[in-house]
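The values are calculated or read from the model by the stated rules, or taken from the named source; none is laboratory data. The structure displayed is predicted, hence computed values, not measured ones. Glycine gets a Cβ as well: all are built from the backbone with ideal geometry, and neighbour counts include every protein chain shown.
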Amino acid sequence: MRIKTKGLVTVGLVLRFAFFLVIGLALLGLGGLTLSAQFGEDYEKTTAVIEEINPVGEGEVQVIVAYTIDGVDYHTELGYYSSGMMIGDEITIKYCPNASSDIRATSVDLIGYVLVAVGGVLIYIGSRSFSKGLKRRKKDREQENSFSEMNRDVPKSARIFPDNEDGTLYYFHYDKSFSKQGHVMENKDRQVVYEGAIKQFKLIGDFEMDFINHISCHTQTHFIGHAVSTGTSHVTISEGFDYDGQNIWEYLHGRGIRVDPILDRRLMSVTFEVTLCGMPFARFVSSGTNLYGEEKAGLAKVANLSAPGLFRIYSFGDDLDLLFLIGVAIARSST
């Protein structure tokens, strides 16, 4: 299977990192200047009383404080205002021993620390995001080689895939009673047409799952193994799981099934195009958690809500049993 990546992934990663880096460094610098102004000289603390609070312009307020140093009374502008200040309040200030009229509000110290902390956090977030993005790209490149190997003996589509509107719509999701275990497929009216119900789940070894076709009223039990994953990328396909004692991908390839995932990094949306003997068979479009509510299929409105195992299926064939099995294979192999 070949991943087709849309969008300028590398440019997006760099721009995101640069944004956090520039903002973070700016806040670090501003915080450093604020703190250096406070600790550049040997300031001492004393108690002052707010004497005047005077509006001097639009959005500007002048605060005059009175304090005494070595028996000398001072009446000096503080250079700082907080909405909680009232005339007569006692506050702690810092003054320069060599120039007692040079004062600072101790509250400004906190602002400097906050700016430095926020700047550091932004730089950390940007660095982590950049690092994780590079790791995801590395996993996708490795997975691309794995997909190509898995599909080596299966023909590609001999035709251009039809539009979604030309297919029959189904919704595929996990059975809510068994988180990420049982599976359900519904038609466009949200009526269940197929389900995989677990009869007996086992943490170790194969477990039984009833494949129930509600259209033909046919039920068949299959033995399902646990998936063995090769990574944790958004579209990682594992080496598969056993299906009645045979690897699921080997079984599907033996029936002429080929699955090609197409990744849109900008939307974190994945589409799986499925062919049967080289002819378009179905398109599985990954969905956000709001499976039914997205206006445009395949475009998860919130990228990080796009989740493995939730699909809109557009079927161009008439084999419902095979369609559901492919859905189970993709859902249980996606991590």
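Report every pair of residues separated by at least 6 positions or lying on different chains whose Cβ atoms are under 7 Å apart, first residue within the range 197-217 and over 19 Å from I248 (Cβ atoms), second among the β-branched types (V, I, T) and not in a loop (DSSP other than H, G, I, E, B).
Correct list of pairs: H214/V192; H214/V193; I215/V193.
Can you name the residue in the range 242-259 that is closer than 18 Å to G278 by Cβ and part of a strand (DSSP E or B) and, of all such residues, is nearest to the chain's Cα centre (by Cα)?
V259
Testing M86 on (1) buried (at least 16 other Cβ atoms within 10 Å of the Cβ); (2) at pLDDT 80 or above, one condition comes back false. Which one is that?
Of everything listed in (1) buried (at least 16 other Cβ atoms within 10 Å of the Cβ); (2) at pLDDT 80 or above, M86 misses just condition (1).
Could you please let me know if F316 is assigned by TED's automatic domain parsing to the domain that holds N213, surrounded by 23 or more Cβ atoms within 10 Å (Cβ to Cβ) and modelled with pLDDT of 90 or more?
On the way: assigned by TED's automatic domain parsing to the domain that holds N213: yes; surrounded by 23 or more Cβ atoms within 10 Å (Cβ to Cβ): no; modelled with pLDDT of 90 or more: yes.
No; evaluated as a whole, the condition is false for this residue.
Starting from residues that are in a strand (DSSP E or B) and acidic (D, E), keep the ones in the range 67-83 and report whichever is surrounded by the fewest Cβ atoms within 10 Å (Cβ to Cβ). Talk me through it step by step, then tell me what you get.
If we filter the range 67-83 for residues that are in a strand (DSSP E or B), which is where we start, we get 67-69, 72-77.
With acidic (D, E) added as a condition, the list becomes 73, 77.
On the way: D73: 8, E77: 14.
Taking the candidates together, the pick is D73.
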